[in-house]
Amino acid sequence: METGRETNVIKLDEEFFKEFEKELQEAGMSIKDLRSCIQCGKCAGTCPMALAGLEFFIKKIVHAATLGLREIFLDDSSVWGCQSCNRCVEICPMEIKPYELIQAIRRVSFREYAMPSNTIDGLQNYYKLGHAVVVKGYENRRKKVGLPELPPTALGNEEMRKKFQEMLKNTVLAEVAPFPLD
Amino acid sequence: MRKIGLFLGCNIPLRRPDIEYSMRYVLNKLGVEIVELDGATCCPAFGIMPSIDLVGWCAGSAWNMAIAEEKEVDIITGCGSCYGSLNEARYHMEKHPEIKEEVNKILGKVGKKYEGVVKVWNFYNYIYEEIGIEELKKKIKYSLNDIVCGTQVGCHNLWPSKAYTSNDDNVFKPTRMREICEAVGGKAPWYSTILDCCGMGALGSLAKEKSWALWRRKVSKMIEEINPELFVTGCSSCLLRYDNDQAQMKKGGLIDFEIPAVHIAQLLALVMGAEPEKAVGLAEVPIDGIITKIKGGK
Ligand code: SF4
Ligand code: SF4
């Protein structure tokens, strides 16, 4: 149909974002899926990051990724504020699984040391104690409610904790952990 | 006798063990044998392994699920993040056998294996489906005596629905948590912000003020519409926000209300007759009024 209107088209340089696409694909995001985003904004309409007022929320993140704007993600920490709530996955009409993009971007950023310090602390606790979140004073809190000071988890089970650490040495942590695995 | 593997995670055993106490108390009263998952770890939380590597995440979750498989039990958890992380990892491995194979190579190095037969339950779905509302009612000692409950289901308990084998019929209009509150004598009306996120988690770490404001926005609507006397959460992280963070906000003069909060396991423990000093012994927002009302509400 003749509308008499011209559509603006941005010509993207394929080479420019191929590298980034490859990285994202390796980090678990399907590029075929990503490219089918129609920028309808449904993900943003339901995203707690957007509701909380983070400017760089999911729809923009998807858009920037399709444009190959890798550097943005190394400068802006918004992807680390994602709640992993999966509202966007549930609601996206194109089944893009935007949350999987967030994870893929985090994985790429992590390898560039662009991650918040609590990720490193959590990871180190996870490796050393078996728990990412260890808030001091747990022994007393447990005692207060009539439970043994140590839970039956890896924290209270040295043999299993050692085995768990051995197991983790066979994961990618051996290459990318920002602390020694000893 | 029914058996279930109790998956603790991090926040429940280390920060709010009163939820752990309550889960144990309730399962016990319901005649479910608790099997300890010795050597279980963090689920792993979304901000760590899942943000670094897909196979590494699945290996971490499979470590936990393999412990349950060895003991031939399914898993129950009171934490939404644990429920999400374990189930999503399970789903990834089910859909992608090559990931499962890689994971088993990693686990095999320490003599472990993940079969993929374990089911991961969250607390309220287990009560709802495996025990049933009628059976639950028989085990109740005190009634909630019409206490108005403001329910917070928790994001991970509902979405991504594809990864979950048990869920509300309509994941955008959940009723199960509310039905449980009402089965034990409470009132649990719908309110317009019921689906909103509590803001606890990554958002809270990255932008604390914004995430607190998100919670206040949600809760002020809830108060306006249903005026709850008690908050009831389906997730331990939500409880940290509703109780521990609420207490901090009150101290800082950011809110002018004070509404006690419990995890659904704590609510059931209280109505089944658990000692409040243990079942809600670590609550920071004063909860005595609710206890009195429950005890007077036979
Ligand atoms: S909901 Fe899906 S299709 Fe719509 S903007 Fe978000 S990612 Fe793109
Ligand atoms: S998973 Fe992350 S990006 Fe998706 S809706 Fe939730 S907070 Fe937003």
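The values are calculated or read from the model by the stated rules, or taken from the named source; none is laboratory data. Computed from a prediction, not measured in an experiment: that's the story for all the values here. Positions of Cβ are backbone-derived with ideal geometry, glycine not excepted, and every protein chain shown enters the neighbour counts. Side chains are part of the model used for accessible areas, which takes the heavy atoms of the whole protein and leaves out ligands, DNA and RNA. Shrake-Rupley method; radii C 1.70, N 1.55, O 1.52, S 1.80 Å.
Let me spell it out: the conditions are (1) out of contact with any Lys or Arg (no Cβ under 9 Å at 6 or more places or on another chain); (2) in a helix (DSSP H, G or I); (3) surrounded by fewer than 24 Cβ atoms within 10 Å (Cβ to Cβ), and B:Ile4 meets all of them except one. Which number is the exception?
(2)
Would you mind stating whether A:Phe73 is part of a helix (DSSP H, G or I), away from ligand 2 (no atom under 16 Å from the Cβ), among the hydrophobic types (A, V, I, L, M, F, W, C) and more than 11 Å from chain B (Cβ to nearest Cβ)?
no
Which members of segment A:53-69 meet the condition of being open to solvent by less than 50 Å² (accessible area, probe 1.4 Å), in contact with a Leu (Cβ under 9 Å, 6 or more places away or on another chain) and either assigned to a helix (DSSP H, G or I) or within 8 Å of ligand 2 (Cβ to nearest atom) (or both)?
The answer is A:Phe57, A:Ile58, A:Ile61, A:Val62, A:Ala65, A:Thr66.
Would you confirm whether or not segment B:44-59 contains a residue that is open to solvent by 30 Å² or more (accessible area, probe 1.4 Å) and of a type outside the set (Gly, Ala, Ser)?
yes
Among residues belonging to segment A:34-52 that are open to solvent by 70 Å² or more (accessible area, probe 1.4 Å) and within 16 Å of B:Trp159 (Cβ to Cβ), point out the one that is nearest to ligand 1 (Cβ to nearest atom).
Taking the candidates together, the pick is A:Lys42.
Tally time: how many residues in segment A:102-121 are out of contact with any Gly (no Cβ under 9 Å at 6 or more places or on another chain) and within 16 Å of ligand 1 (Cβ to nearest atom)?
Residues in segment A:102-121 being out of contact with any Gly (no Cβ under 9 Å at 6 or more places or on another chain) and within 16 Å of ligand 1 (Cβ to nearest atom): 2 in total.
Could you check segment B:213-235 and list, in sequence order, the residues that are part of a loop (DSSP other than H, G, I, E, B) and either buried (at least 21 other Cβ atoms within 10 Å of the Cβ) or outside the structural domain of B:Leu267 (by TED's automatic domain parsing) (or both)?
Passing the criteria: B:Pro228, B:Gly234, B:Cys235.
Could you check segment A:79-102 and list, in sequence order, the residues that are outside any loop (DSSP other than H, G, I, E, B), more than 9 Å from ligand 2 (Cβ to nearest atom) and of a type outside the set (Phe, Trp, Tyr)?
A:Glu100
For segment A:126-146: of the residues being open to solvent by less than 40 Å² (accessible area, probe 1.4 Å) and farther than 29 Å from B:Ala59 by Cβ, which is nearest to the other protein chains (Cβ to nearest Cβ)?
Going through the qualifying residues, I end up with A:Val145.
Do we have A:Ser117 as within 16 Å of ligand 2 (Cβ to nearest atom) and of a type in the set (Ser, Thr, Tyr) here?
In short, no.
Might you let me know whether segment A:11-33 holds any residue that is within 12 Å of ligand 1 (Cβ to nearest atom) and either open to solvent by less than 20 Å² (accessible area, probe 1.4 Å) or assigned to a helix (DSSP H, G or I) (or both)?
yes
Would you tally the residues in segment B:197-212 being more than 7 Å from chain A (Cβ to nearest Cβ) and open to solvent by 20 Å² or more (accessible area, probe 1.4 Å)?
Adding up the residues that qualify gives 3.
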